[in-house]
Each structure stands twice: as C-alpha cells, then as structure tokens.
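Here the structure comes first, spelled out in structure tokens, and everything after it is commentary.
The values are calculated or read from the model by the stated rules, or taken from the named source; none is laboratory data. This is a predicted model, so every value here is computed, not measured. No Cβ is skipped: glycine too gets one built from the backbone with ideal geometry, and neighbour counts run over all protein chains shown.
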Amino acid sequence: MVACAANSDVEEDSESGESDLKKKIKPTGGNGAFELVKPTWSTTGAIGQYAFDNRDIAIASRTEKVPGTYLLQTRSNGFDGNQTMGQTFDSIVIKAGAVVPRTVTGLRVRYDQPLTLGGSQYAMQPLPSGSLGYLAPTGSWAKRAEGAFMLVAPGKVKITNAVDAAPTELTLDEGKLNEVVLPTAKASVQVDAYDAAYPTPTSCSAPVLVSGGQSTPVRDQAGNAIPTAVIPHGARATAAVQAYGMSKSIPTAAGQTHSFLLNRLEVDDVEVNAAGGGTQYVKGVFNVEYKDAGGVYRPLVCGNFATHTGIDLLDGSYRVTSRATSASGVVTHVEEISFP
C-alpha cells in the first residue's frame, strides 16, 4: 500500500509540470489597405503621378498592404518644358483590417489673363524637403487661360517668382485644388503714321517692345502698331522699348496699361545740283546721332541707312547726316531735330 501511494504522487507531479510548460498560440493576421481618393474637382488635364510604396498608384484605387509604415509620394514629371515637384507625404501607418485614405491634391498656377508677351520663371520648392519644380517663362502655360495644372502633395511650398522681390510660402491643402493667380499688366506702343513709300530699313533690327526676356517688333509687316500686349507684373518687372541702341523702360503696375511713344523720321533722297543746271535727287545714306544727358551726340548702334526710308525713334534730340555722290563729288547735309 505504501508503494502504491508513492507511485500516485509521482504521476500527479508529472501532470502538473506538463501543464506549466505547455503554451498554445493562435496566430491572427490580415492586411490593411491604402486608398487614393478622387476629389470632387476633376483631375482631367492634370500632370503628375502618385506612387505608394515606390509603385505608381492610380487615382480612385485601393492597394492592400501588410501592416507597416509606408510613404506616398508624387513623382517629378516634366511637361511643356517645365517640371512638377517631387514631394513626400508624412509616413502612412497601415493596420490590419483598416483602410487609410488620402485625397488627391491639385495646384494650378496661372496669370489673371493669358500673356501675349514675356513671362517669368516660377520655382516651387517643397518644405522641408523634396525635389524642385519649375515653370519656365517660355512655357505655353503662361499663354493658356488654365495655366499649369499639376498633382501635388499637401504641405508647405516655397514659391519664387523671378519678377518678385522675395519668395513666398504657400500651404497646399489636401483634397483641394489650390490656385495661384499671378498679376499682369499691359503695354502698348503708339507710333506715327507709316508711309509705305518710306519703308523701315532692313539693314538693322527694327525697334521692339521688350518684357520678360521676350520681344516683339513695334510694327507689323504692314507698318501698323502691334496690339496692346499682356505682360507679367512683379516688383522687378519692367516693360521697355528698344530702338537702335536706345532704351526706355517703365516699371509695371498690376492691371494698368503702360504706353510708349515712338516718332517717325523719314529721310528723302539727296537733292544735288545737276551739271547742266537744275537739281536732281540721288540715292544716298544717312546716319543718326542722339544727344545724351550731357549734351554729347552719340551714334545709334545702326547706321548707313538708305535714303528714302524711315525709322522710329524715342523722344529726344538728334543730328541727322545725309550723304550722296553727285557728278562733282560727295554732297553732305546735316540737320538737327527734336521729338516731340
């Protein structure tokens, strides 16, 4: 009986030990998901691409992921000679059984009316980090009513406009079509009547209206004044007329029209005495000098214009020297004029 009692005690101890060591684990798992939500405003025509976990993701789509931390980014894409920004959302935490949504964000940059002359470099730098985006001054975006339209990430962006004195910061709100409207001004050139019998010489470049690094002749091929130009405005923006080495510029004012005046100088052929009496007209050339602020006459950058032509000049005082060869030699005529 004692021996039996001893055996029973050993078995109870053994069962107790197994119970203390055995562990049972029931694994659970599951994916979460990320959804790129299409906004209420249309994305048609927008340039750009989103990438989730370094793979392109379409708008209004959902992708499953195991729980973890992921990044949603915009890829830097080129368009129309320009480039969108490369941006990164804050880290996105995916949990099992949950869907994390982010709504598409847009940015439109446009002028308050399409430009017809000039433009300005427009740079966009994501903060605190990311790759630079830019809009080139020569891009067609500046001449379109809808401007440049791109997909972006929410957050702060530092904006530098070449015609403004200092950069500014813009906060892009998620899910919204954020818009930047740039101001414009206008410039016109008033010119005297054009006589086709006295055409503008083609030996030199004719006067031009200049804005934003671009220029256009002040007259069309028929001699008519060009239409009023829509130009960029900014703290450093100017409009200017350049004529044969002379230049006049005006700071622009938003919404205002700035006018320039050019005066027409027409020079006849040179009248010379004929050998048998009377006079005759002889083809020749003429040169023009302008009087500077110190009263000194200085030559235009172009010269030896053919006579019986005309040129457009800014207000000021000028000295015109005409020369032609007659039967008895070179004939010279000098005359001083002023505009207005």
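A few remarks follow.
- Summed over region 220-238, the residues that are out of contact with any Lys or Arg (no Cβ under 9 Å at 6 or more places or on another chain) and farther than 19 Å from Arg110 by Cα give a count of 7.
- Within region 269-304, the residues that satisfy the criterion of being under 23 Å from Ser338 (Cβ atoms) and out of contact with any strand residue (DSSP E or B) (no Cβ under 7 Å at 6 or more places or on another chain) are Ala293, Gly294, Gly295, Val296, Val301, Cys302.
- Applying the criterion of at least 1 residues that are of a type outside the set (S, T, N, Q) and more than 30 Å from Thr228 (Cα to Cα) to the strands (runs of 3 or more DSSP E) found wholly in region 254-314 leaves 270-273, 279-282, 284-291, 297-299.
- Selection from region 144-157 of residues that are on the phi < 0 side of the Ramachandran plot and surrounded by 15 or more Cβ atoms within 10 Å (Cβ to Cβ): Arg144, Ala148, Phe149, Met150, Leu151, Val152, Ala153, Pro154, Val157
- Taking the conditions (1) buried (at least 17 other Cβ atoms within 10 Å of the Cβ); (2) at pLDDT 95 or above; (3) out of contact with any strand residue (DSSP E or B) (no Cβ under 7 Å at 6 or more places or on another chain) in turn, Ala237 satisfies each one other than (2).
- So Thr321, is it closer than 26 Å to Thr202 by Cβ, exposed (fewer than 13 other Cβ atoms within 10 Å of the Cβ), out of contact with any helix residue (DSSP H, G or I) (no Cβ under 8 Å at 6 or more places or on another chain) and of a type in the set (Ser, Thr, Tyr): no
- The set of residues in region 175-209 being in contact (Cβ under 8 Å) with a residue 60 or more places away in the chain, in contact with a Ser or Thr (Cβ under 9 Å, 6 or more places away or on another chain) and β-branched (Val, Ile, Thr) consists of Thr184, Val189, Thr200.
- When region 124-150 is filtered for residues that are in contact (Cβ under 8 Å) with a residue 40 or more places away in the chain and either among the hydrophobic types (A, V, I, L, M, F, W, C) or in contact with a Pro (Cβ under 6 Å, 6 or more places away or on another chain) (or both), the ones remaining, listed by number, are Leu127, Leu132, Leu135, Ala136, Trp141, Ala142, Ala148, Phe149, Met150.
- The condition (being in the same structural domain as Val208 (by TED's automatic domain parsing) and closer than 22 Å to Ala193 by Cα) is satisfied by just one residue among Thr279, Thr332, Thr307: Thr307.
- Thr160 under 23 Å from Asp56 (Cβ atoms) and surrounded by 13 or more Cβ atoms within 10 Å (Cβ to Cβ): no
- Subset of region 141-171 (residues that are of a type in the set (A, V, I, L, M, F, W, C) and under 26 Å from Arg236 (Cα atoms)): Trp141, Ala142, Ala145, Ala148, Phe149, Val157, Ile159, Ala162, Val163, Ala165, Ala166, Leu170
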